[in-house]
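Novice: My questions all concern the structure below.
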Amino acid sequence: MSSKLVYWFREGGESMRSLLGGKGAGLGEMTHMGLPVPPGFTITTEACINYYNLGENMPPGLKEDIETYMKELERVTGKDFGGAKDPLLVSVRSGAPISMPGMMDTVLNLGLNDQSVMGLWQATNDLRFALDCHRRFMQMFGNVVLEIPHSEFEKTLGQVRRAEGAAYDHEISPDGLKKVIQGYRKLVKEQAGVEFPEDPMEQLYMAVLAVFRSWNNERAIIYRNINKIPHDLGTAVNVQVMVFGNMGLDSGTGVLFTRNPSTGENRLYGEYLMNAQGEDVVAGLRTPVPIGQMREELPAVYKEIETMAALLEDHYKDMQDIEFTIEHGKLYILQTRTGKRTAQASLEIARQLVHEDRISKKEAVRRVKPEEVSRLLHRSVDPGATNQLLAKGLPASPGAAVGTIVFDSDTAERIGQEQKVILVRPETNPDDMPGIVHSQGILTSRGGMTCHAAIVARGMGKPAVVGCEGMRLDMDARQARFGSLLLNEGDTVSIDGASGNVYLGEVPLVEPILGDAFKEILQWADEFRRLGVEANADTPDDALKARELGAEGIGLCRTEHMFMAADRLPIVQEMIMAESETDRRAALDKLLPIQREDFRVILKAMRGYPVTIRLLDPPLHEFLPKVEDLLVRVMEMRGANAPAAKIREAEILLREARNLHEQNPMMGLRGCRLGLLWPEVYEMQARAIFQATAALFKAGYTDVQPEVMVPLVGQANELEILRGLVEKVAAEVKAEEGVDFPVVIGTMIEVPRSALTADEVAHHAQFFSFGTNDLTQMTFGFSRDDAEARFLHRYLELGILKENPFAVLDRTGVGKLVKMAVELGRSTRPDLVIGVCGEHGGEPTSVEFFHQAGLNYVSCSPFRVPVARLSAAHAAIKEDQA
Ligand code: PEP
Ligand code: MG
């Protein structure tokens, strides 16, 4: 722990990010680069942590330090903090080690009071400007530090504005502003029970503590939870000399991205507003103009901005998000940070930077996040959609969303948990976070591409359309008007965040088109990863999709899904209800050609790659209707005097369904247990697999690679017996068909006992595939459905579980079994091929674990294949770097 709590910008830099926060580190870096950064200092994240450790109290020595630094700042600038002549004013801004845009608080124009406002007037010769700064400061301070809602201040402001007949705030006269300031003073007294502080040092101490406090405001906590940012990092506080973008028409402020954060296009992208302060841009109250316009309006400044953007991007080797202010024609840079971007832009920029020779392929792969890749796989609006176009806004965050409209965050949060909603607001602010989280998308009538809603939505990968001026909102009536059409809360709309279009009703969506950047980055990922990636696929369509997305085989083909189709289910039921083995075999004979064709098509589609076919796994009752439904059916048939034979049929079905009822079907008669009791079922499946293989071999497809997988093995001898059965069928088919083909037989490891005795099991298995869905259920003793429906959320709330173990592999428990089984299995059979086919196979942190545990491959649903490819590359790169 360092005891120094305050640093000058010039003392800081990128290497001190955790102590000084991202903003502080960036200000330090830019100061070193000689960029025009107004001077100031950073109070460390450690000071913030101390503040919390001390029960939310000012850390000892911090007040004195701040005072010393302010004295020095007065000396450097030649200005007087709170002074009656040319007063020093500062901004007080938060800045966490990991960027959390807009989540914490800022106070601008600090140092203004009745005395210094006169000084500001004198210094600028502009009374209106001085008074406007004062009222802005009081409003921000009142809101952030004294926690009085903005709307209260807006009421006072609105009253004066209306009384003066002004359309905009900047048209209010100096006398009007004086009234506003008086009104604010009264408001503070009433609402906070204190006089507005006049002593500037007092203002500063209070503001610093308020910024510390804002680390733990509700929206910041939600943001950290969503983005998995630790809660104990704390925020730094940056105190910086104010420069003014609202000093007249030769002043302004703006936000700039060095490349397009939506598409990645290599061109300056941003917006600015003349005669305005930063909050005017971010709040989205006035619509700013595109940066390109500055080329004509202020050509010299534009050139300077271009140069600085290039310098900063080159320095950080990444796209930057830069805040700037122009004061009387002079440019100042207030902040630079790595810019938030859409998934598409993220991949595109990483790819461009490699082609521009600025970063390595490895770095490009490392920078792309698995969730960005999965976001790109989302769907968009079908170009052939014929839904009525209601309006067009700004395309703030791509992706399409459909939902019923709701007009406030609370409603969105409540209803959004059950059904799809679109949050509709004039603009959003940080208090809307809970509602945004539970919405499919966001639609606002105001704001620009860098307004709050746009930034948050892009960060979360949620579709957003902002600044939709064709939509008129009546928030009291909870209605949105589009031309002559009036929509009420609960009506359905669709938004397209890529085009800005808003449609009536539910639009049809289409699958994503994966661009060149996607393909190239994933190809590079393949160069680094050592873990194979296969897919769980049961149909030829899924298999083809999986191939397209880069799967190197099918790691799990669940054959039960083939039994569920309408043309097979009656035969399967006939098989289940057979009174004797002979009858059962007769039904199975009917299934054989159907299964054979299933396998032939899939094997052919995947030729050159392994296809792991799992023999029947679920309990048989899953193929019958529910007992309750059958009971009703029988009763109704009897009541309606249905033909006796029909009633009899329904009664037998009911009897069988009752017979098959189990207390815990998950742990009952299923998987290999069923295969041992009714061997003819597995025999039929093995025959279908090998006959399909033989046919393909004879047709010249000798590169098809079926592998037979036995589920739910808990003891080595279960596998030993079933392996014998499968091998016997293989030998018969080879003899009958007169062809030879390799036979590969393995098992799932999904019962803890098989993991514990993996050395014995490996005697009979050429491969293992961890069924981590069942392994998790049986290791925890949770039934997944029951746990997720009844108590898992409470476990997560109480912190008893950190993650849902069915989504993220439990490394401590289930992971221990995995590692043990890998070790034991390979002790018997060193060339044992080991994979995983539970849902964890497509989850990034679990993929990392499987890499570390020495597995050969992961298998996951086709749409997660690209995510697994990237995650596997990340795991390998991380290991190499360590
Ligand atoms: C598993 O248990 O992880 C598995 C893949 O099998 P299923 O989900 O079909 O039970
Ligand atoms: Mg299973």
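A short reminder: the numbers here are calculations on the coordinates, not readings from a lab. Just so you know, these numbers come straight off a predicted model, no measurement behind them. Every residue, glycine among them, receives a Cβ derived from its backbone with ideal geometry; neighbour counts consider all protein chains shown.
Novice: Arranged from highest to lowest average of other beta-carbon atoms within 10 Å per residue, in what order do the peptides 650-657, 631-638, 349-356 appear?
Specialist: Output ranking for 650-657, 631-638, 349-356: 349-356, 650-657, 631-638.
Novice: In degrees from 0 to 90, rounded to the nearest 10, what is the angle of the helix 150-164 Cα long axis to the longest principal axis of the chain?
Specialist: That works out to roughly 50 degrees.
Novice: Would you kindly state how much longer the chain becomes between Lys802 and Ser151 on full extension, computed as 0.36 nm times their sequence separation minus their alpha carbon distance, in nm to one decimal?
Specialist: Between Lys802 and Ser151, full extension yields an extra 230.5 nm.
Novice: Could you state the angle between the C-alpha long axis of helix 127-144 and the longest principal axis of the C-alpha atoms of the chain, as a value from 0 to 90 degrees rounded to the nearest 10?
Specialist: 40 degrees
Novice: In whole angstrom, how far apart do the alpha carbon centroids of region 759-783 and region 694-734 sit?
Specialist: A separation of 20 Å, based on Cα centres.
Novice: Take every DSSP beta bridge with both residues inside region 355-511 and express the antiparallel ones as a percent of the total, to the nearest 5.
Specialist: If we restrict to bridges inside region 355-511, about 75 percent are antiparallel.
Novice: Roughly what % of DSSP beta bridges within region 424-500 run antiparallel, to the nearest 5? Working shown, then result.
Specialist: Details: 8 of 12 bridges.
Bridges in region 424-500 that DSSP calls antiparallel: roughly 65 percent.
Novice: Per residue of the chain, what 222 nm ellipticity follows from adding -39500 (n - 2.57) for every DSSP H run with n ≥ 4, rounded to the nearest 500?
Specialist: Values: 36 runs with 416 residues, N = 882.
Taking each H run of at least 4 residues, the total per residue is -14500 deg cm²/dmol.
Novice: Defining a contact as two alpha carbons under 8 Å apart and six or more residues distant in sequence, what relative contact order in percent does region 617-693 show?
Specialist: That works out to 43 percent.
Novice: Follow-up. For region 72-148, what relative contact order do you get, as a whole percent, if you take Cα pairs closer than 8 Å and at least 6 residues apart? Don't skip to the answer; put the middle values down first.
Specialist: Values: 100 pairs, mean separation 21.7, N = 77.
Answer for region 72-148 is 28 percent.
Novice: When a/c reaches 1.5 or more, the comparison of a/b and b/c decides; with that in mind, is region 324-382 rounded, prolate or oblate per its Cα gyration tensor?
Specialist: oblate
Novice: Shifting gears a bit: In which sequence would Ser580, Ser380 go, from the one with the fewest C-beta neighbours within 10 Å to the one with the most?
Specialist: Ser580, Ser380
Novice: Arrange the peptides 612-623, 143-154 so that the one whose residues have, on average, the most other Cβ atoms within 10 Å appears first.
Specialist: Order by mean packing, descending: 612-623, 143-154.
Novice: Tell me which aspartates and glutamates have Cα within less than 17 Å of Lys330's Cα, excluding those fewer than 8 residues away on the same chain?
Specialist: Counting by Cα, and skipping residues close in sequence, Lys330 has these aspartates and glutamates nearby: Asp250, Glu296, Glu297, Glu304, Glu306.
Novice: How high is the relative contact order of the chain, given as a whole-number percent (alpha carbon pairs under 8 Å, six or more residues apart)?
Specialist: Computed over the chain, the figure is 9 percent.
Novice: Treating cross-link reach as a plain straight distance, find the lysines whose alpha-carbon is under 23 Å from the alpha-carbon of Lys734, omitting any fewer than eight places away in the same chain.
Specialist: Lys590, Lys604, Lys698
Novice: Sorted by packing (mean other beta-carbon atoms within 10 Å per residue), highest first, where do 562-573, 120-131, 685-696, 17-28 land?
Specialist: Output ranking for 562-573, 120-131, 685-696, 17-28: 17-28, 685-696, 120-131, 562-573.
Novice: Restricting attention to region 792-834, which GluC sites (Glu not before Pro) occupy a DSSP loop and are surrounded by at most 15 other Cβ atoms within 10 Å?
Specialist: Passing both the DSSP loop test and the Cβ count: Glu803.
Novice: Give me the percent of DSSP beta bridges within the chain that run antiparallel, rounded to the nearest 5.
Specialist: 65 percent
Novice: So if R0 is 56 Å, what FRET efficiency would Val601 and Asn227 give, r being the distance between their Cβ atoms, rounded to the nearest 0.05?
Specialist: 0.85
Novice: Then there is this: If neighbour count is taken as other Cβ atoms inside 10 Å, put Met103, Met748, Met274, Met33 in order from fewest to most.
Specialist: Ascending Cβ contact count within 10 Å gives the list Met33, Met274, Met103, Met748.
Novice: Among the listed pairs Lys4/Lys228; Lys155/Lys178; Lys317/Lys340, which have their C-alpha atoms separated by more than 21 angstrom in this model?
Specialist: Lys4/Lys228
Novice: Oh, and also: Which angle between 0 and 90 degrees, to the nearest 10, do you get for helix 716-737 versus the longest principal axis of the chain when only C-alpha atoms count?
Specialist: Result, in degrees: 70.
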